[in-house]
Amino acid sequence: MTAVTTPKPIASEAAGDRVPNLRLRDRRFDWFFIVVFALFTVTSMISDMLPTLGVDFSAPSPNFLVNANHWYAHDTDPLFMDPPVWMRIVTGLSAFVYPVFYVLLVISLVRGWNWIQLPSVIYATMIASITGIIVFGVEFFGEPEFQTPNPAKFLAFNLPYVLIPILLLVRMRKPLPFTRRF
């Protein structure tokens, strides 16, 4: 009979004492976050860059990005289609700031860097507040010109950007998140 040895877990330096991190293969749910936030990196830059920069996508266009945003917004999201200044700030954060966090989060999830816990909590709280309360509030209860005429399509595209960060908040609820499975 041969003895089976298991590799030593990576150790965390964050607690002062050496609390072992679980390997990524033992944190299987983190793969979900890796895939989703890698996709968020691309989709937030693609969709939110255009309204931030003031690109008109009110009509179909041969440009793929303009046409994709038109297809989404023309019958679904009047706030996104013709954003006031405050909404352009929101889309600017999504296009130019969040992707930096997403890349750091994905790397941290793969490498088991526990320091990402506090930035994750800040990000998830910010998203739940800005998108979940303000944007959804305007789209459903705000001025008539900004209310969504197509709630199902609006929620299909936007709800994951609120629910998944809240799920990340639950994942990062305690220090040293990579010392446990979830």
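Rounded to whole numbers, the Karplus 3J(HN,Hα) couplings from phi for region 123-129 are 4, 5, 5, 5, 4, 4, 6 Hz, using 6.51 cos²θ - 1.76 cosθ + 1.60 with θ = phi - 60°, and x at Gly and Pro.
What FRET efficiency comes out for Leu155 versus Arg88 if R0 is 35 angstrom and r is the Cβ-Cβ distance? Round to the nearest 0.05.
Working: r = 22 Å, r/R0 = 0.64.
After rounding, the FRET efficiency stands at 0.95.
Residue separation of Ile107 and Ser58 scaled by 0.36 nm, minus their Cα-Cα distance, works out to 14.0 nm of gained length.
Taking Cα atoms only, the orientation of helix 64-73 departs from the longest principal axis of the chain by about 80 degrees. For helix 29-53, report the angle its Cα long axis makes with the longest principal axis of the Cα atoms of the chain; keep it between 0 and 90° and round to the nearest 10°. It is inclined by approximately 30 degrees. Accessible surface computed residue by residue for region 44-170, with neighbouring protein chains in place and a 1.4 Å probe, gives 50 Å² per residue.
In units of the rule-of-thumb radius 2.2 N^0.38 Å, region 49-154 shows an alpha carbon radius of gyration of 1.22.
If you roll a 1.4 angstrom probe over the protein chains with everything in place, what fraction of the accessible area of region 84-142 belongs to carbon and sulfur, to the nearest %? Don't jump to the answer; show the numbers that get you there.
Values: 2240 of 2770 Å².
Carbon and sulfur atoms account for 81 percent of the accessible area of region 84-142.
Taking amide H atoms as placed 1.01 Å from N in the peptide plane, the amide H of Val19 lies under 5 Å from those of Ser12, each 5 or more residues away in sequence or on another chain. Taking 0.36 nm per residue of separation and subtracting the current Cα-Cα distance, fully stretching the chain between Ile134 and Leu24 would add 36.1 nm. Mind checking the log10 I(q)/I(0) for the chain at q = 0.16, 0.17, 0.18 Å⁻¹? Debye, one equal scatterer per Cα, no solvent, two decimals. Once normalised to I(0) and log-transformed, intensities are -0.96, -1.04, -1.12.
Fully extended, how many nm does the chain gain between Phe32 and Arg181 (0.36 nm per residue separation, minus their Cα-Cα distance)? Write out the running numbers ahead of the final one.
Details: separation 149, 0.36 × 149 = 53.64 nm, distance 1.26 nm.
So the chain would gain 52.4 nm between Phe32 and Arg181.
Pairwise inverse Cα distances across region 102-143, averaged and inverted, put the Kirkwood hydrodynamic radius at 11.7 Å.
The values are calculated or read from the model by the stated rules, or taken from the named source; none is laboratory data. From a predicted model like this one, the values you see are computed outputs, not experimental measurements. As a convention, Cβ positions derive from the backbone with ideal geometry for all residues, glycine included, and neighbour counts pool all protein chains shown. What goes into the accessible areas is simple: the full protein's heavy atoms, side chains included, and nothing from ligands, DNA or RNA. Shrake-Rupley method; radii C 1.70, N 1.55, O 1.52, S 1.80 Å.
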